[in-house]
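The values are calculated or read from the model by the stated rules, or taken from the named source; none is laboratory data. The model shown is predicted, which means the values in this text are computed figures rather than measured ones. FYI the Cβ positions are ideal-geometry reconstructions off the backbone, even for glycines, and counts take in every protein chain you see. When the accessible area is computed, the model is the full protein with side chains, heavy atoms only, and any ligands, DNA or RNA have been set aside. Shrake-Rupley method; radii C 1.70, N 1.55, O 1.52, S 1.80 Å.
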Amino acid sequence: MNLLSINNLSKIGREKPLFTGVTFGLDEGDKAALIGKNGTGKSTLLNTIAGVLEPDEGQVVINKSAGVSFLPQNPLYNKQDTIREHIFKSNSPKLNVIREYEEVCEKMKDSNSSSLQNKFQELTQKIESQDLWNYESQVSSILSTLGIHSLDRKMGELSGGMVKKVALAQVLVEDTKLLLLDEPTNHLDLETIIYLQEYLAETKRSVLMVTHDRYFLDAVCNNIYELARNKVKLYTGNYSEYLAKKETEAEIEANTERRIESVLRFERDWLLRGPCARGTKAKARIQHDMALINREKFAADRNFTFEVKGRRLGGKILELHNLSKNYPKGFSDNGQIQPVIKNFSYTFNKGEKIGVFGNNGSGKSTLLNMITEKIKPDEGEIVKGINTYIAYYEQNPVFPETKLTVLEYIKEAAEVMEMNDGTTLSAGLFLEQFGYEGRIQHSPVSTLSGGERKKLYLLRLLMSNPNFLILDEPTNDFDIFTMNILEQFLLNFKGCLLVVSHDRYFMDKICDTLFILEEDGGVSGYVGKCSEYIDYRNQLKKEKLIAQKQEKSAAPVESKTVAQEQSGGKVRRKTFKEQKEFEEIEARIFSSEEELIQLEEQMSSSDYEVSKKAGERYTKLQSQLEKDYARWEELSALG
């Protein structure tokens, strides 16, 4: 079934058309990504499809029975709304019933009045009659997995990462068949990104998204739409397949360009001889030659790499001695002072490239702000070497009001960059390598898109020639083209690098050591890639869940007593729906464990196809089993 039809869509940008004649559609179950360089109009196109912007030409038709949910790049919200009010703002009849049910369940934690009991029974019957238990279970699972528990908190109290999670939850719980997502992974922690990746890969809902996360693109998408030269072109397959097709396409176009140039050399000689144009054949030949001369010439993507000469680092680079920082009273849920960074010491060595890993709110930006002296530690000291020059790319840079042009803004940092091979690169040429070509260099900085402005801010930092780079979420809002150039620069960078990013591909490529920010404020180290650490952590989590399950199975009465003691002797009893879910999960766990044993035998088969299918099923089943264990733990703690 067709869900989305786009016909001849056009939109004019600040100086020229962003896109013209865009025509494509999405069918049920399609998972597509829209990719392109910063400033080409990806977000504008997505906003136009969502109905936020009006097209200059063309039309967007969305199947009435499908419904659409849109996650903008920067979600809008009312600061006074509670999380519950924001999430359940949809007019979906199903969601309205679930909202009422959630509200009653929340109230019943503190009161068990007859009016609440009656309302609970009424809603239970309504959910039963409309067969909404599965839908309610999905809503609860989404909220729980995203770590959204206190639904009465005000939106204005939340961090940027938490606002993005709530906005994401609002989109995922809506009863729609089409999802439009603009940079859905920005500001999310790795756990949430992995959950979202698995959800989108498995859901039957159709998806059109803008994202730069290459692992995400590979795992989710079956179609890639590239926005370039004002047009949208379809490449079937995931991102890796797109890259392979682009490489083949570029080779064919380059060969075609060479053949045309070879023909034109002869034709130009003929034209210079001044042929008589009175004959029909001569006229047609001249017109054909002029069309070839004035054609849109093939321009391959630049594979720009650069290695600056760099400032010399001294013997002492940067030392952190017993750094500690606490949240002020009122920031944590219990209103108490809470350690963010606790007693952290480290001495940086030449050439280190370290990634900082932790969930949202764990203190990653706080650590970087202390190192760069944006904020003061509560305890400890920072000792910087006399030759250490730090450049800090902040997660949400504040751009001062300026009338400077793009070129003037960059020249404030430096007129030229000296390369490691002794050559120099002017500010203008440097900008060209990053896509700022022609008139845009002389346009005011204020006219740039969000992604273009952030990229310009980064380039200005690089032009200052630092020997210690600190980057806080540099991958947010950057196109893949820019990411590739930045990665090559960082790989060749001879100074020290400290980076926070939730882009696993970027982290795997750049960093081989991690600072792990723990929940209690401690900072530990991990030698290895980001993906290796995620696998290691998942294995620990799985072993812990299995041990807990075995412990509870061996002593269920004792476990319940502990739960009662922790809650002051009061344990909320399972609702009818929760008891039903508990029994279903328990049966599913036993079934899954038996199937895993069978799959392990099949995986050792000499038949490659049997072994491959068994391995794929084993991985998927193992992932589902971890979720079942976690939910089983939650429900088993109830009375």
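Data table
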quantity: Segment 378-390, residues that are of a type in the set (S, T, N, Q) and either touching a Ser or Thr at 6+ places or on another chain (Cβ under 6 Å) or surrounded by fewer than 16 Cβ atoms within 10 Å (Cβ to Cβ) (or both); calculated: ASN387
quantity: Selected residue (criterion: farthest from VAL356 (Cα to Cα)) from residues of segment 394-426 that are in contact with an Asp or Glu (Cβ under 6 Å, 6 or more places away or on another chain) and touching a residue at least 12 places away in the same chain (Cβ under 8 Å); calculated: ASN420
quantity: Test: LYS204 is open to solvent by 50 Å² or more (accessible area, probe 1.4 Å) and assigned to a strand (DSSP E or B); calculated: no
quantity: Any chance ARG537 is modelled with pLDDT of 75 or more and crowded, with 16+ Cβ neighbours inside 10 Å; calculated: no
quantity: Near pairs, Cβ below 6 angstrom, 6+ apart or cross-chain, from segment 313-324 (farther than 12 Å from TYR389 by Cα and at pLDDT 90 or above) to any residue that is exposed (fewer than 15 other Cβ atoms within 10 Å of the Cβ) and of a type in the set (A, V, I, L, M); calculated: GLU319/VAL383
quantity: Enumeration of residues in segment 157-177 that are farther than 22 Å from LYS79 by Cα and in contact with an Asp or Glu (Cβ under 9 Å, 6 or more places away or on another chain); calculated: LYS177
quantity: Of all residues in segment 207-221 being in contact with a Lys or Arg (Cβ under 7 Å, 6 or more places away or on another chain) and assigned to a helix (DSSP H, G or I), the one that is surrounded by the most Cβ atoms within 10 Å (Cβ to Cβ); calculated: VAL220
quantity: From ASP508, ASP520, ASP477, residue being farther than 13 Å from ILE354 by Cβ and in contact with a Cys (Cβ under 6 Å, 6 or more places away or on another chain); calculated: ASP508
quantity: Residue in segment 98-115 that is at pLDDT below 85 and within 27 Å of the chain's Cα centre (by Cα) present; calculated: no
quantity: From ILE148, ILE142, residue being open to solvent by less than 30 Å² (accessible area, probe 1.4 Å), outside any helix (DSSP H, G or I) and more than 23 Å from ASP27 (Cα to Cα); calculated: ILE148
quantity: Condition met for GLU128 (assigned to a helix (DSSP H, G or I), open to solvent by less than 60 Å² (accessible area, probe 1.4 Å) and within 19 Å of GLU581 (Cα to Cα)); calculated: no
quantity: Complete set of residues in segment 391-415 that are surrounded by fewer than 19 Cβ atoms within 10 Å (Cβ to Cβ), β-branched (Val, Ile, Thr) and either touching a helix residue (DSSP H, G or I) at 6+ places or on another chain (Cβ under 8 Å) or over 30 Å from LEU188 (Cβ atoms) (or both); calculated: THR402, THR405
quantity: Residues of segment 164-191 classified as open to solvent by 10 Å² or more (accessible area, probe 1.4 Å) and in a helix (DSSP H, G or I), total; calculated: 3
quantity: Of the criteria (1) within 29 Å of LYS164 (Cα to Cα); (2) at pLDDT 90 or above; (3) of a type in the set (A, V, I, L, M), which one VAL398 fails; calculated: (2)
quantity: All strands (runs of 3 or more DSSP E) inside segment 416-534 with 1 or more residues being crowded, with 19+ Cβ neighbours inside 10 Å; calculated: 416-418, 468-472, 496-500, 513-517, 523-527
quantity: Segments classed as strands (runs of 3 or more DSSP E), wholly inside segment 1-110, with at least 1 members that are among the β-branched types (Val, Ile, Thr), touching a strand residue (DSSP E or B) at 6+ places or on another chain (Cβ under 6 Å) and open to solvent by 30 Å² or more (accessible area, probe 1.4 Å); calculated: 17-27, 57-62, 68-71
quantity: So ILE375, is it modelled with pLDDT of 90 or more, open to solvent by less than 30 Å² (accessible area, probe 1.4 Å) and not in a helix (DSSP H, G or I); calculated: no
quantity: Count - residues of segment 42-72 that are without any contact (Cβ under 8 Å) to a residue 12 or more places away in the chain and touching a Ser or Thr at 6+ places or on another chain (Cβ under 8 Å); calculated: 1
quantity: Selection count, segment 56-73, where residues are in contact with a helix residue (DSSP H, G or I) (Cβ under 8 Å, 6 or more places away or on another chain) and over 22 Å from ASP27 (Cβ atoms); calculated: 2
quantity: Members of segment 123-139 that are small (Gly, Ala, Ser) and in contact (Cβ under 8 Å) with a residue 24 or more places away in the chain; calculated: SER137
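Yes/no per residue for (1) out of contact with any strand residue (DSSP E or B) (no Cβ under 8 Å at 6 or more places or on another chain); (2) modelled with pLDDT of 80 or more; (3) closer than 18 Å to GLU191 by Cα; (4) not hydrophobic (A, V, I, L, M, F, W, C):
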site	(1), (2), (3), (4)
GLN125	yes, yes, no, yes
GLN130	yes, yes, no, yes
LEU143	yes, yes, yes, no
LEU146	yes, yes, yes, no
ARG153	no, yes, no, yes
MET162	yes, yes, yes, no
LEU168	no, yes, yes, no
